[in-house]
1. Sort T30, T131 by accessible area with a 1.4 Å probe, largest first.
2. Using the C-alpha gyration tensor of the chain, what are the square roots of 5 times its eigenvalues, in whole angstrom, with the largest one first?
3. Test of understanding: given the chain, find the longest segment containing no trypsin sites (Lys or Arg not before Pro) that are in a DSSP loop and have at most 16 other Cβ atoms within 10 Å.
4. Given a 1.4 angstrom probe, I'd like the percentage of the accessible area of the range 48-168 that is carbon and sulfur, rounded to a whole number.
5. State, as an integer percentage, the relative contact order of the chain based on alpha-carbon contacts under 8 Å between residues 6 or more apart.
6. Can you give the calculated 222 nm mean residue ellipticity of the chain, where each DSSP H run of n ≥ 4 adds -39,500 (n - 2.57) and the sum is split over every residue, rounded to the nearest 500 deg cm²/dmol?
7. Could you compute how much accessible surface W244 exposes when probed at 1.4 Å, giving the result in Å² to the nearest 10?
8. Place +1 on the Cβ of every Lys and Arg and -1 on the Cβ of every Asp and Glu in the chain, take the dipole about the Cα centre, and give the residue among S118, G242, V26 whose Cα lies farthest towards its positive end.
Amino acid sequence: MPPRVPAVAVAALRCHVERFLRAHGVAPDTLCEDAEVDVVDLVGMLLAGLRHVRAAYPWLGRDGAIVEPPEPEPPGLLPAVARALPALDAPLTVDACVEALRRGCPFVIDEAQCGRRSAPPGVYPYMSLETDDALARDDLVDRVFGVVADDGWLAEPARRDAVLAAVGPVNAEPISFEALDREQARALAGHLLAGRLDAAAAFVRIFGADTRCFGLRGQEGEGDDRFARGHAWSCYDADGYGSWGRTLVLVATDGLRVAYLDALWDISSE
């Protein structure tokens, strides 16, 4: 039997889809063949959005106990949802996207009671970003992601940290980020891009005028050693083996996408 998804979760998902389409210039009457949307990005967003809203609106079982979402999705969902998208001569609408998701990743919409809680952001690889020629795609391989999160996450430090930490390098310790002005961000980007100042300038405006930049707290040096001290970094596997060292991290975001640069050094392990 297909899993049930609360109706309010589907309504929230529709809002995320609408925001994605609007941000990519897709009007309600735009045909699929005319929409400048990468199919992999669109389906990635739909699947990440479904994960996010299912976690945000959990079922309430007996005595109000929260019923957790099922195990991770089986493989093959992305091409299945892609095949279910409308034909090229049909409009790319919110309804069509949600229906393609329901057909490719079958679920039943149910009006039963559900709860509401803070949920992890939905994160997916963002494939279609076009950058300034100074910033080569190789600089950003596996470092650009789309984000599905509740409105206002950029303005709330705790929620912002959760989103940026989900995108950036894994760290065993809780990490927090602080806003950087354009000059600070360019300096850090230049440090991480081996002194290529044109690439650094391109990175801090990677998503256009709405780009905002953040760095890890505690990673700045002083004077001529600015940005050279790094933030303590550690990562441990399930068996207790770990690595640690120091890291620099710079992230840029427009609220829908996140890109990051980082460097690790003084690495030890056991």
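The values are calculated or read from the model by the stated rules, or taken from the named source; none is laboratory data. Please read all numbers here as calculations on a predicted model, not as lab measurements. Please note: Cβ atoms are built from the backbone with ideal geometry, for glycine as well, and neighbour counts cover all protein chains shown. For the accessible areas, the whole protein counts, side chains as well, though only heavy atoms, and no ligand, DNA or RNA atoms are used. Shrake-Rupley method; radii C 1.70, N 1.55, O 1.52, S 1.80 Å.
1. Working: T30 25, T131 45 Å².
The most accessible residue leads, giving T131, T30.
2. Those come to 35, 24, 16 Å.
3. Working: sites that count: R116, R117, R217, R226, R229.
Between exposed loop sites, the widest span is 1-115.
4. Summing carbon and sulfur atoms, their accessible area is 54 percent of the total for the range 48-168.
5. Computed over the chain, the figure is 17 percent.
6. Roughly -9500 deg cm²/dmol at 222 nm, from the helical runs in the chain.
7. Its accessible surface works out to 90 Å², give or take rounding.
8. Result: S118, furthest along the dipole toward the positive end.
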